[in-house]
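Comments concern the structure below.
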Amino acid sequence: MESKLSIKEYSRQVLALTSANMKARYRKTIAGFLWVILNPIIMYSVQSFVFKKILKLEVPDYSLFLLCGLLPWIFITMNIEMITPILEGSRELLKSFSLKPSVLVLSQVIDNFVNFLVAFAVILLPFWFLSDLSLTGIFFIPIILLSLVIGVFSMCFILSVMQLFFRDIRFIVSFVTSVLFFLTPIFYPIEFIPTEYRIFVELNPIYSFIEPFRFAIYDFSMDILLQKILKSIFFSMLFSISAFMIWKRKRGEFYVKL
């Protein structure tokens, strides 16, 4: 059973695990930390070639359009895939130490977030500054990032807890994210979707975290951006409250399942 931790002790555990995750991630790899840049560049290059050169999507500044949707998508789905089984695979750690499950989840999210920021700064920002688009949206990026991290942490915590009770959660999640990739306007504008079907996209929580990046970076509009940020914050709070309620209900059973 978990014991109460002070905020200082909780933060210390999160930082220690984050540091350990970052050191272990690229140990004994050839490219090391370069994979942070290589992964989105390779995905971007392939998708850009297919959708721009072969399918010939007529979207202005398509390179920037694709990047500001693809990078947050990679961050979100990477966290989901890595964190859904994390508590199930850390049984002995949770049994042996006074460690809250949320510490494991948060440390992994922070690790992935650092990688995301590096890719964001190295790949996306140069595209943005070299374009003739508005740079006003940069002042809203911290709020957008905060909402993204809170939402992803809460969503991943829910999935990782439920994975301990239902072992096929990770397979369902993998399938759903694969399908959502094509149903989410990442490599094409939402305007390509027939009007009667757009409601399903608008209710997609993953898209709610991606949209603010688009309107802050690619197609800046103050009024629309503020609406999209509020929508993102709404989903973040919804996931946070859901995570709290699920943990409160399942906490006793959780430690029995361990």
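The values are calculated or read from the model by the stated rules, or taken from the named source; none is laboratory data. All values derive from a computational prediction rather than experimental measurement. A quick note on method: Cβ atoms are made from the backbone with ideal geometry, for glycine too, and the neighbour counts reach across all protein chains shown. Note: accessible area is taken over every heavy atom of the protein model, side chains too, but ligands, DNA and RNA are not part of it. Shrake-Rupley method; radii C 1.70, N 1.55, O 1.52, S 1.80 Å.
At a glance:
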quantity: Accessible surface of the chain, 1.4 Å probe, proportion on carbon and sulfur as whole %; calculated: 70
quantity: Rg [Å, one decimal], Dmax [Å, integer] - the chain, C-alpha atoms; calculated: 19.1, 58
quantity: Theoretical gain in end-to-end length, D132 to L93 [0.36 nm per residue, Cα-Cα removed]; calculated: 8.9 nm
quantity: Violating pairs (Cα-Cα greater than 27 angstrom) within the set K23/K228; K100/K228; K23/K53; K95/K250; K100/K257; calculated: K23/K228; K100/K228; K23/K53
quantity: Rounded, prolate or oblate (a/c below 1.5 giving rounded, otherwise prolate when a/b exceeds b/c) for region 188-238 by Cα gyration tensor; calculated: oblate
quantity: Rg in Å to one decimal, and Dmax rounded to a whole Å, for region 162-258 via C-alpha atoms; calculated: 16.9, 51
quantity: Region 17-165: radius of gyration over Cα atoms, expressed as a fraction of 2.2 N^0.38 Å; calculated: 1.20
quantity: Spacing of the two label points (7 Å from each Cα toward its C-beta) at R251 and L117, in nm; calculated: 3.0
quantity: Karplus-derived 3J(HN,Hα), 6.51/-1.76/1.60, for each residue of region 182-192, Hz, glycine and proline x; calculated: 7, 8, 9, x, 9, 9, 9, x, 5, 5, 6
quantity: Highest-first arrangement of 5-16, 231-242, 141-152, where packing means the average Cβ count within 10 Å; calculated: 141-152, 231-242, 5-16
quantity: Label point 7 Å beyond Cα of D61 along Cβ direction - residues of region 129-150 with amide nitrogen under 20 Å; calculated: 129-145
